[in-house]
Amino acid sequence: MATITVNGESRTFDGDPGTPLLWYLRDIAGLTGTKYGCGQGVCGACTIHLDGAAVRSCMTTVEMANGKTITTIEGLSLDGEHPVQKAWRELSVPQCGFCQAGQIMQAASLLAKNNAPSDTDIAEDMSGNLCRCGCYQRIHAAIRLAAGGV
Amino acid sequence: MLHYLKQEAQKAERKAAPVVIENVSRRKFLGGAVAASGFVLAVRIPDAAALEPLTPYPTGGASMPHGYGNASDPHVFVSIKPDGAVTILAHRSEMGTGVRTSLPMVLADEMEADWSRVSIQQAVGDEPLYGNQDTDGSRSMRHYIQPMRECGAAMRQMLETAAAAKWGVDVALCRAKAHHVVLLDAEKNDTGKKLGFGELAEAAMALPVPARDTLLFKTPAEFNYMRKGETKITDLRNITMGKAVYGADVRLPGMKFAVIARPSVLGSKVKSFDATEAKKMAGVEDIFEMEGVHEVPRKFGQLGGVVVVANTTYAAIIARESLVIEWEQSPNASYNTDAYFKEMSKTAAEPGKVIRNQGDFDAAWKGAKSTFTGEYHMQHLSQAAMEPLCCVARVDGDKAELWAPVQSPYGAREDIAKALGLPIENVTVHVTLLGGGFGRKSKWDFMIEAALVSKKLGGTPVLLQWTREDDIRHGFYHTTSVERIDMAFDDAGKVAGWRHRTVAPSILSTFAPDSGYQFPIEYGMGFVNLPYDIPNLRCENGQALAHTRIGWYRSVSNIPRAFAVQSAVAEAAHMLGKDHKEFLLELIGPDRTLDPKALGFPEDFWHYGDPYESFPIETARLKHVVNLATEKAGWGKPLPKGQALGLAAHLAWHNYVATVVHVDVKEDGTITVPHAVTVMDCGFYVNPERIRSQVEGAAVMGMSQALYSGITFKDGAVEQSNFFDYNIATMANFPKIVDVHIVEPQPGRNAAGVGEPGLPPFAPALANAVFAATGKRVRRMPMGAKVA
Ligand code: FES
Ligand code: FES
């Protein structure tokens, strides 16, 4: 039995401890904001925060999260007014939007540890989050904009 | 796209309304509106000249399946609650272009609705009612701007008529403005009397729709939302909060999760399978075989295989790994990419089927002072939208209900009804948001699969999930191609002869018996419609049989054509010692409107499905975008070593596009793009902000396919499987700055397609810049991340 705090709520899970958090969150906890894009840790669509650090939920099992705290896109802010979310709207970043929960979670974790990231910092931290629609220019700009407010 | 294929196969967030406000102290005081501060704001009432009649122009939308349906009828597309809340239907699928916002915005603007009081509802698949819903072919704005404007204008006039009846005045004294109808006096000044849209709704909706020729439309100066680019996409807040609903986010009570093990080679069937181990795995509920559609043409028939149903997606995925399946051999197991390129190259060296012939190429070739030959190769591509295919289906008895990220909900509905043996009325297709589409999601094989699984489960709702591996390996791929261009130069160094041979398996092979030859749609994409002033010109098509499912991918055949033609032009300019831009302008030649007949275009020349007269090819527009893009990019400016500019221009979907890419090739050969400029003349346009985002995205996708992405086959099976071997551009290396310039439309220049045309010029512009920076010419896509 694993105990995990998800968006401030304590939950238990007695299924297969090897279940990736992605599928636990989506199919069991019913939190569908976290997306499946590759299942192999190579696209970033499933990015969540585990004890505040960005991780790929498709590569992190329930067992690895036992006793820890998870934040998903649904829990990043109660009202959607996290500076990263605001910057994303200000610059109209999304096209299809599918990758954006992962992008926002990755960007929020980057800014939490480095509130004045250089271009190189941004490129390095964000390069594992793919966007097939190609919103990279705006993602970059939105991180810069949010950096002023984090 | 599909529609044409069917024909061919038979032959073979929100802001308050920015109403115009003026300081009334500078104007005649308008009754009632006195603010305590003494600073008075009033809504200006535009005069009659603010509205104009517009003559409709024909488009291919009318000949799409179910044509325009009732797309101009406000009773179908608009509803207004007594409190004034307006709902507008979006009948096209949202896959990232912004269409779910842009089309309703056109309607809202034309009817004078306040956007902050408009909500958008996604239509189900019902083309007889809404008009065609095939969201592909850069068609949504191109074909639906007119009916949406008509619908909005009609609604506005109905509201004004309802107000006139209430007040017992002439309708000429009633003017809709900002979600109200205001009463004017005889001098056409606002009397201060007004009725809200909500108060008028019931009476307005009871009125007949005014005839098309009585409709008056806003002049561009009166647009509130159109052309402004200030309207946020409707799903923006939900997207940033993880609340937007995509295909796999649909949850039904009792829903199960399924994946399918499909054959690695097209056409191979399950010989036998052993599910003993898989059945023992936790969460697995059922495992069974699904018959595939094996008769050719397969169209969107399911591939067949073994279905695993479980209580979570994960349980289904890992159980699938334990299946032991023996597959039958398929003739397609002979498909090998290297050998296939050799074959295509050989074919391109021989005469092919002549598709366009003008003048005498052979004579020009014989009499040439010098010649150029270039052969350009391109691998298959996978659309690889970030959201893998998925569909929720509930097929309970004689009723079927499906939810999917689908580009063609009605086409899907028709085929699902057939596959289930149900009347179409019993099938409902809901459209979720699409996490990207790029053409793959207008092929509904995945929905048929989901329907069949739910049916087999006796009505249990099921979410059928494709993994990324499934998506990469079981696609409808962009074709692979060899394009060969031969040019003959005369004594003056002018191009006297041009021969273009195209060799590529055709999309048609998916829909009709494969002749190995392409068809008018593929010919119409930058091949037979080359707009250059060359006296002797021949276009030939060599045979290439398909060994995988060929489908459409954003921009389709325009990608290899633009790559070949725009690279060849740059190569020829270099050979002749001419400036590339000047040479390109010389090739385009004098300002003129092309006459397809006189130029030897084929009889069945396909002009993106539209009447030529509505979108004639005007060379001046192409030259203008070339001139503007090069000027904005600083063409000719000195750049440091390893850096250069490259140019390409291409006309597609009636949209004239020129791109200049600035490359910086690093010491280790890594190709980077600090800057790109794209100028687009797309005629009448509505949402410049989303047009820019489309072009920015096209630059990234263009870089992906120019450098990284390629699908290859070995013994009939796709060699790639996920984003670690089917690579796309990342934040580590993407076109850093993309400047987009949209040409202001002249009257009579109708709305062109926008979603696709930004893509084709990027790769050749990049290749041309790499050559200019390094002297190395790359004639294949993908060219690799580094210059060798
Ligand atoms: S789904 Fe986890 S990184 Fe792609
Ligand atoms: S917005 Fe579509 S994948 Fe990023």
Of B:ALA282, B:ALA315, B:MET703, which is farthest on the positive side of the dipole of chain B, counting Cα position, with +1 on Lys and Arg Cβ, -1 on Asp and Glu Cβ, and the Cα centre as origin? B:MET703
Rh (Kirkwood; distinct C-alpha pairs) - the stretch B:640-744, Å: 15.5
Over the stretch B:335-397, volume per residue of the alpha carbon convex hull, in Å³: 239
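Per the Cauchy relation, a quarter of the hull surface: what is the mean projected area of the convex hull of the alpha carbons in chain A, in nm²?
Orientation-averaged projected area of the Cα hull: 8.1 nm².
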Just how many % of Cα pairs in the stretch B:464-590 lie over 26 Å apart, if you round to the nearest whole percent? 33
Quick one: what do you get for the stretch B:374-477 if you divide its Cα Rg by 2.2 N^0.38 Å? 1.16
Projected area, mean over directions - the stretch B:659-717, Cα convex hull, nm²: 6.7
For the protein assembly as shown, what is the mean residue ellipticity at 222 nm derived from helices alone (per DSSP H run of n ≥ 4: -39500 (n - 2.57); sum divided by total residues; nearest 500 deg cm²/dmol)? -8000 deg cm²/dmol
Spherically averaged projected area in nm², based on the convex hull that wraps the Cα atoms of chain B: 36.7
Kirkwood-based Rg/Rh on the Cα set of the protein assembly as shown evaluates to 0.97
Does the stretch B:49-177 classify as rounded, prolate or oblate by the C-alpha gyration tensor (a ≥ b ≥ c root eigenvalues; a/c under 1.5 gives rounded; else a/b over b/c gives prolate, otherwise oblate)? prolate
At 7 Å along the Cα-to-beta-carbon direction for both B:ALA349 and A:ASP121, put a label point, then send me their distance in nm to one decimal. 5.7
The stretch A:2-74 - Rg (one decimal) and Dmax (whole number), Cα, Å: 10.6, 29
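Where in the stretch B:447-535 are there trypsin sites (Lys or Arg not before Pro) that are in a DSSP coil and have at most 16 other Cβ atoms within 10 angstrom of their Cβ?
Sparse-neighbourhood loop trypsin sites (Lys or Arg not before Pro): B:LYS494.
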If every Lys and Arg gets +1 and every Asp and Glu gets -1 at its Cβ, then about the Cα centre the protein assembly as shown yields a dipole, in debye to the nearest 20, of 1040
Out of B:VAL124, B:PRO409, A:HIS49 - ranked by how far each Cα lies towards the positive end of the dipole of the protein assembly as shown, with unit charges on the beta-carbon of charged residues - the top one is A:HIS49
With the convex hull built on the alpha-carbon atoms of the stretch B:91-167, volume per residue in Å³ sits at 102
May I ask for the net charge around A:ARG26, where only other residues with Cβ less than 10 Å from the Cβ of A:ARG26 are counted and Lys, Arg are +1 while Asp, Glu are -1? 0
Over the stretch A:2-74, what is the relative contact order in percent, taking alpha-carbon pairs closer than 8 angstrom and at least six residues apart? 41
DSSP-loop trypsin sites (Lys or Arg not before Pro) across the stretch B:313-406, with at most 12 other Cβ within 10 angstrom: B:LYS369
Starting from the Kirkwood Rh over alpha-carbon pairs, what translational D in µm² s⁻¹ does the stretch B:613-673 have by Stokes-Einstein at 10 °C and 1.306 mPa s? 121
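Rounded to the nearest 20 debye, what is the charge dipole size of the stretch B:571-684 about its Cα centre when +1 sits on each Lys and Arg Cβ and -1 on each Asp and Glu Cβ?
The calculated dipole for the stretch B:571-684 is roughly 420 debye.
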Cβ-placed point charges (K, R +1; D, E -1), dipole of the stretch B:111-160 about Cα centre in debye, nearest 20: 140
Once the cut-off is 19 Å, how many percent of the Cα-Cα pairs in the stretch A:83-147 end up in the long-distance tail? 17
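May I ask for the net charge around B:ILE472, where only other residues with Cβ less than 10 Å from the Cβ of B:ILE472 are counted and Lys, Arg are +1 while Asp, Glu are -1?
With Lys, Arg at +1 and Asp, Glu at -1, the net is -3.
No value in this document is a laboratory result; all are computed from the given coordinates. Fair warning: this is a prediction, and the values are worked out from it, not measured in the lab. Reconstructed Cβ throughout: ideal geometry from the backbone, glycine too, with neighbour counts over all protein chains shown.
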